[in-house]
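The values are calculated or read from the model by the stated rules, or taken from the named source; none is laboratory data. This structure is a prediction, so every number in the text was calculated from the model and none was measured. Neighbour counts are summed over all protein chains in view; Cβ atoms, including those assigned to glycine, are modelled from backbone coordinates with ideal geometry.
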Amino acid sequence: MSTIVFSCKEQDILIKRKPNPRAKRLSLRMSARDNGFILAIPPRTTDFHINAFLARCRPWIEKSLSKLFHVKQLSPGEELALYGIPFQCILDPLRRKPILCAVTQTLRLPPQCPQKALHELLKKIAMEKLTPYVMTVAQILGQHLEKVRFRDTKSRWGSCSAQKMISLNWRLILAPPEVAQYVCVHEAVHLLHMNHSKAFWKTVEELCPAYKDHKKWLKAHGFSLMRV
Ligand SMILES: [Zn+2]
């Protein structure tokens with residue numbers, strides 16, 4: 001899949017070309033996972049048509065960019081779901097760092113909450129919730145797992161290395177638990193199959209029967225996880 005670099009609002013936007021033999025017309029969609037856009041291209045489409053189409057899409061791309069890259073500051077009164085549990089954001093002037101209170105289901109924010117501190121907290125929660133889950137799946141598969149790391153990679157939800165290291169995006173903690181668990185299963189199954197073969201998907205399905213729905217969820221709503 002080749003990529004088109006499209007300049008928009010002083011940013012280079014990546015648009016992946018995806019030839020689709022069944023497509024009747026050009027269509028563009030946003031993909032948070034790819035940190036850009038995907039252009040479905042029907043057969044026999046010329047570059048001239050593609051450029052004209054993208055020029056027509058410019059206003060829509062500009063509008064969508066804010067969804068892809070807009071970082072939202074959490075404010076008191078707002079609700080944030082973490083691993084499916086809603087937490088009410090409240091202002092706590094006595095704090096210098098945000099903390100989570102499980103008893104009152106509140107996320108206590110200092111008056112000027114640095115985004116970095118909030119991200120550190122969310123990363124910690126992701127580690128606590130998702131690490132045991134991935135380890136259990138690896139155990140079920142009878143696979144050795146060296147380490148689970150948490151990152152904020154804009155382009156992917158998880159990865160698994162040949163050194164048996166799994167990296168997960170801590171933002172998955174903001175997704176419904178079953179979606180986060182699907183990504184854990186997906187990466188753990190890579191310990192067994194380092195590819196996306198039929199055997200790989202069969203094992204994923206055994207452990208996570210509704211995986212197709214979760215994949216769809218990530219495609220459609222993944223960008224919303226980037227906004228905190
Ligand atoms: Zn994979």
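Data for the structure
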item	result
Residue match in the range 104-123 (condition: outside the structural domain of residue 84 (by TED's automatic domain parsing) and over 30 Å from residue 73 (Cβ atoms))	no
Qualifying residue in the range 85-108 (condition: within 30 Å of residue 187 (Cβ to Cβ) and of a type in the set (Asp, Glu))	no
Residue 139 being outside any helix (DSSP H, G or I) and either more than 15 Å from the ligand (Cβ to nearest atom) or more than 28 Å from residue 118 (Cα to Cα) (or both)	no
Qualifying positions in the range 187-203 - within 9 Å of the ligand (Cβ to nearest atom), in a helix (DSSP H, G or I) and within 13 Å of residue 165 (Cα to Cα)	187, 189
Cβ-Cβ under 6 Å pairs, at least 6 apart or on other chains, the range 158-187 side within 18 Å of residue 146 (Cβ to Cβ) and outside the structural domain of residue 100 (by TED's automatic domain parsing), far side within 13 Å of the ligand (Cβ to nearest atom) and among the acidic types (Asp, Glu)	158/187; 160/187; 166/187
Subset of the range 121-157 [exposed (fewer than 14 other Cβ atoms within 10 Å of the Cβ), free of Cβ contacts under 8 Å to residues at least 60 places away in the same chain and farther than 30 Å from residue 16 by Cα]	128, 132, 136, 139, 142, 144, 146, 147
